[in-house]
Amino acid sequence: MKIGVLAIQGDFAEHILMLERLGVETTEVRLPRHLTGLDGLIIPGGESTTIGKLAVDFGLLEPLREFGRKHAVWGTCAGAIFLSKDVRRSQPLLGIMDITIQRNAFGRQVDSFEADVEVPLLREVTSGNQPYHAVFIRAPLIEAVHNDAQVLASLPDGRIVAAQQGHLLATSFHPELTSDDRFHRYFLSLAD
Ligand code: GLN
């Protein structure tokens, strides 16, 4: 299995390290041709407006949309924003996942936080049932899921922080910044 990580801005290096630790072959994706032969793609956290603008400049928008029609794609934080169809403002988006996003929903950088979230689906890749310790950095909220997109995890107050639609995955937090590899393993099961 070979997984690409979009490497034009943001914390792609941390995703690559996590994938390497899991014994997966990885590729940094900067140009459309880097998508050839991949089984899945991770779009990292960073700044979604910058990722969007650079994706336009590098001619990546359509190739990424096409890739996402058939393959597993996971967006973390800014990556989740970039995957979504609606962010209530104008910026370049892939627009392939039926979720509505509210950017910077928890406030500014200083309002970043960590929280334990219950993620029932992780039972598919692990026998235990411990909560997932999630890192939120100037994070977006998944305001709503539409069509066949489903909620995977919410905060105790009900706000949605992870969703899945078929082979597309979105988390508003950063599993690549922890040592807990369960989300990465779950994503690999979607790419397989
Ligand atoms: N605030 C960023 C944005 O709106 C996302 C932050 C992140 O990826 N950690 O794009």
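The values are calculated or read from the model by the stated rules, or taken from the named source; none is laboratory data. Predicted, not measured: the structure shown is a model, and the values here were computed from it. Note that each Cβ is placed from the backbone with ideal geometry, even for glycine, and that neighbours are counted across all protein chains shown. Side chains included, ligands, DNA and RNA excluded: accessible areas come from the protein's heavy atoms. Shrake-Rupley method; radii C 1.70, N 1.55, O 1.52, S 1.80 Å.
On average, how much accessible surface per residue is there in the chain, in Å², for a 1.4 Å probe, leaving out ligands, DNA and RNA? Mind showing how you got there, number by number?
On the way: 8360 Å² over 192 residues.
Counting only protein heavy atoms, the per-residue value for the chain is 44 Å².
Of the peptides 7-17, 56-66, 73-83, how do they stack up when ordered by the mean number of other Cβ atoms within 10 Å, highest first? Walk me through the intermediate numbers first.
Details: 7-17: 19.8, 56-66: 15.3, 73-83: 29.4.
In decreasing order of mean packing, 7-17, 56-66, 73-83 become 73-83, 7-17, 56-66.
Which whole-number percentage describes the relative contact order of the chain, with Cα contacts under 8 Å and a sequence gap of 6 or more?
Details: 433 pairs, mean separation 37.7, N = 192.
Reported relative contact order: 20 percent.
5 Å is the cut-off here: which amide hydrogens, built 1.01 Å from N in the peptide plane, fall below it relative to residue 169, excluding neighbours closer than 5 in sequence?
73, 74, 75
Carbon-plus-sulfur fraction of the accessible area of the range 2-101, 1.4 Å probe, in percent?
51 percent
Over the alpha-carbon set of the chain, work out the extent along each principal axis and list the three values in angstrom, largest first.
The principal-axis extents, from largest down, are 41, 38, 33 Å.
Place the peptides 147-153, 20-26, 131-137 in order of packing, highest mean first, counting for every residue the other Cβ atoms within 10 Å and averaging per peptide. The partial results should precede the final answer.
Values: 147-153: 16.3, 20-26: 14.0, 131-137: 18.6.
Top to bottom by mean Cβ count within 10 Å: 131-137, 147-153, 20-26.
So what's the gap between the Cα centers of the range 122-192 and the range 14-63, to the nearest angstrom?
So the two Cα centres are separated by 19 Å.
Mind ranking 157-167, 100-110 by how tightly packed they are, going by the mean number of other C-beta atoms within 10 angstrom, highest first? Walk me through the numbers before you get to the answer.
Numbers: 157-167: 17.5, 100-110: 14.7.
Ranked from most to least packed, the peptides come out as 157-167, 100-110.
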